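Below you'll find the structure, written out as structure tokens, and then a few comments.
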Amino acid sequence: MLGYFSIVGYADVKLYFMKKLKPITAYLASTLLLLTAGFVGNAQTQPLQIKYWLGMSQPSSHLFEVTIEVAVPEDEKLRSLDFQMPKWSPGRYAVFDFAKNVQEVKAREACPAGLDCTTPNLTITRVDDQTWRAELGSFRHAGMSLMFSYKVFANDLSGTFSQLDAHHANLNGGSIFMYLVNHKQDPVALSINVPKSWHIVNARTERKDQSEYQFPNWDIMTDTPTEIGADWTDDEFKVEGKTYHVVVHSLGKEGAKRPALVRDLQKIVRAETAMWGPPEFDSYTFLFHFANDGKSGDGMEHLASTQIIMPGALADKDMLEETIDSAAHEFFHVWNVKRLRPLELGPWDFTRPANTRGLWIAEGITNYYGHLMQRRAALWNDQRLFAALVDQITEVENSAGSKLMSAEESSLSAPFIDDAPHAQQTNLANTSVSYYAKGEALGLVLDLLIRGKTNGKASLDDVMRRMYEEFYLKSPNASYYLRGRGYTAEDFEKVVSQIAGSDMSEFFKRHVRGVEPPPYEEACAQVGLRFLRTPQAPVTIGIVGDDSEEINFKIGSLRPDSPAAAAGLQVGDVITLFGGNRFTPLSYLKVLARYKPGDRVQVNFLRGGRPLTTTVTLGTPQVFNFRIEENPNASTEAKALRVAWLNGR
Ligand SMILES: [Zn+2]
Ligand SMILES: [Zn+2]
């Protein structure tokens with residue numbers, strides 16, 4: 001048993017791995033030197049040797065078998081060890097309570113290799129909804145290990161959950177691996193036992209058939225999504241000396257498009273690297289699933305990889321373009337959020353959701369650049385970029401929630417709005433705005449305003465580079481987790497003002513912490529573009545029909561700030577007559593077109609089958625079509641700024 005227990009080094013895992021293994025006691029003694037005086041007498045903070053064993057002996061059961069082996073130090077005061085399942089995992093901010101899929105938790109002593117011994121089970125106490133306590137009792141044999149084991153059910157192909165079935169294992173560690181309480185920072189080893197003919201691949205795979213991995217801590221292990229199966233492919237390319245793996249598991253036809261996928265990814269990597277400079281890693285892994293089930297879709301960023309799941313097959317129309325769109329976003333995260341990060345995003349407390357005001361920067365500005373980079377990589381033309389930007393602006397400016405929720409508040413609401421399941425009905429559709437779309441809109445406006453203010457000498461690119469340099473590369477390490485330190489909302493605002501060469505606090509007050517729409521027209525004018533908006537309809541009533549109803553107009557959604565709401569109408573009401581005219585999913589637009597704002601109209605409707613009437617006072621337009629187009633009369637200077645923006649100069 002001792003023979004297989006790999007000891008993991010502190011600062012340089014690889015280097016340590018190459019050295020001969022030290023005896024456990026020597027290892028523990030050497031770690032003492034690295035610890036602060038405060039640790040003495042507190043066995044809980046003394047680093048432990050931790051190794052994870054992952055098995056999947058019955059793939060069709062969807063049950064991963066996890067054993068956590070811990071070398072327990074000889075310390076009379078240490079009476080128990082707590083093992084905890086995180087409530088959520090980084091990158092998706094909803095609370096999922098992964099503990100709900102844990103079963104058959106056990107603990108025993110490890111049996112030394114070569115000896116025939118029967119080891120007694122240790123007592124396990126469930127402490128709370130996410131924590132199990134292994135009582136060490138009489139566990140005091142020098143050099144022996146605790147084996148804490150459990151099974152975890154996993155049958156979701158996603159960027160957050162995991163899946164084990166007869167076809168493959170796809171692993172996101174946060175949903176599978178418990179950490180030791182107070183020891184999340186300790187180095188860990190991982191050994192994976194896979195079914196015959198299955199192969200393991202992740203960002204740390206260095207050779208074929210590798211099954212042993214070393215990580216500096218639990219966070220990095222769970223930041224390394226892993227694919228295990230018989231039929232994935234691995235293509236490779238290099239950009240500026242770095243190796244990129246394109247791992248694809250296709251569950252549908254590829255239509256011979258894989259070479260095009262690899263080619264276009266390379267263009268994205270070049271465009272984004274051109275902005276940021278060379279990334280920190282030696283190799284990076286794009287891990288794709290073409291699920292071909294019409295529903296599974298996700299993208300998740302990691303330090304040296306991304307997991308992207310598309311609902312269709314690569315051969316499908318537009319699938320290549322949609323995949324590249326996801327990849328352009330996720331790869332930008334290599335810098336923005338995975339390394340340059342808001343203060344609250346790492347290391348994490350997994351007993352409660354993360355609360356940060358910075359997701360509009362981490363996600364929204366990433367979304368902006370994900371689109372812009374496709375233009376800089378020459379995969380999109382100008383019109384395609386403008387259309388993508390306008391889509392996001394439309395989502396923000398036409399939503400009732402954007403009048404109530406700021407970009408910072410949206411970030412703080414992430415645990416509720418980032419794919420969170422809701423058992424109770426909520427009003428979030430009317431009260432929230434996406435930090436992706438709002439952040440993208442703010443990113444665009446900030447970028448163009450800075451370019452205008454500085455006559456093209458600076459841009460949002462400079463803001464992001466300065467932030468990366470100051471907070472990631474140059475700041476002293478604030479914790480065991482990664483380089484540098486996280487930034488605050490105020491740090492970002494300060495750097496924007498520095499780069500813009502003028503005080504931008506009013507912008508942040510009104511458009512980032514406030515709900516006032518950012519100055520789109522002014523921003524677009526800086527680069528010789530026009531920002532146009534036209535009403536979607538001449539009058540507003542504020543209702544949308546229920547898609548599932550073809551014959552009757554049943555209210556599917558209703559704006560709280562609309563004439564319909566003021567008249568007392570509600571979701572589920574069926575409108576029969578509008579000013580005496582039949583009101584149906586087919587006729588309603590024609591009927592509404594006969595009126596103008598201010599008209600008072602009698603509405604007959606059914607509520608729970610009961611006929612009722614009310615009077616609606618039609619309002620001025622609340623929803624618009626937006627457009628960004630070239631201004632043919634733009635100055636030469638503005639046109640030059642546009643060329644620089646679109647091409648990354
Ligand atoms: Zn797979
Ligand atoms: Zn993202």
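The values are calculated or read from the model by the stated rules, or taken from the named source; none is laboratory data. Everything numeric here is computed off the predicted structure, so don't read it as measured data. Note that each Cβ is placed from the backbone with ideal geometry, even for glycine, and that neighbours are counted across all protein chains shown. Ligands, DNA and RNA are stripped out before the accessible areas are found, and what is left, the full protein with its side chains, is counted by its heavy atoms. Shrake-Rupley method; radii C 1.70, N 1.55, O 1.52, S 1.80 Å.
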A 20 angstrom limit on the alpha carbon distance is what I want to check against. Which of LYS267/LYS453; LYS106/LYS151; LYS403/LYS509 exceed it? LYS267/LYS453
Residue-wise, which Karplus ³J(HN,Hα) couplings in Hz belong to segment 515-521, taking 6.51 cos²θ - 1.76 cosθ + 1.60, θ = phi - 60°, and x for glycine or proline? 10, 5, x, x, x, 4, 4
Please state the relative contact order of the chain as a whole percent: Cα pairs under 8 Å, 6+ residues apart? 10
If you average 1/r over all unlike Cα pairs in the chain and invert the result, what Kirkwood radius do you get in angstrom? 27.5
Using alpha-carbon positions, the gyration tensor of segment 415-513 gives root eigenvalues a ≥ b ≥ c; with a/c under 1.5 called rounded, otherwise prolate if a/b exceeds b/c, else oblate, the class is oblate
Helical contribution to [θ] at 222 nm, DSSP H n ≥ 4, -39,500 (n - 2.57), averaged over the chain, rounded to 500: -7000 deg cm²/dmol
Of the options LEU146, SER211, TRP348, report the single residue whose Cα projects farthest towards the positive end of the charge dipole of the chain (beta-carbon charges: Lys, Arg +1; Asp, Glu -1). TRP348
Just flag the trypsin sites (Lys or Arg not before Pro) in segment 294-388 sitting in loop per DSSP whose Cβ has no more than 15 other Cβ atoms within 10 Å. LYS295, LYS317
If you roll a 1.4 angstrom probe over the protein chains with everything in place, what fraction of the accessible area of segment 203-290 belongs to carbon and sulfur, to the nearest %? 48
Can you tell me the accessible area per residue over the chain, all protein chains present, probe 1.4 angstrom, in square angstrom? 43
Within segment 261-378, percent of DSSP bridges classed antiparallel, to nearest 5: 35
Measuring from its Cα centre, segment 485-534 shows a charge dipole (+1 at each Lys and Arg Cβ, -1 at each Asp and Glu Cβ) which, in debye to the nearest 20, is 160
Which net charge results for the neighbourhood of ILE417, defined as the other residues with beta-carbon distances under 14 angstrom from its beta-carbon, given Lys and Arg at +1 and Asp and Glu at -1? -4
DSSP beta bridge pairing in segment 182-300, given as percent antiparallel to the nearest 5: 65
Separation of alpha-carbon centers, segment 550-590 and segment 42-80, rounded to whole Å: 59
Tell me the accessible surface of SER211 in square angstrom (1.4 angstrom probe, heavy atoms of protein chains only), to the nearest ten. 40
For segment 407-457, with all protein chains present and a 1.4 Å probe, just round the carbon and sulfur fraction of the accessible area to a whole percent. 48
With only Lys, Arg, Asp and Glu charged, each at its Cβ (+1 for the first two, -1 for the last two), find how big the charge dipole of the chain is about the Cα centre; round to the nearest 20 debye. 720
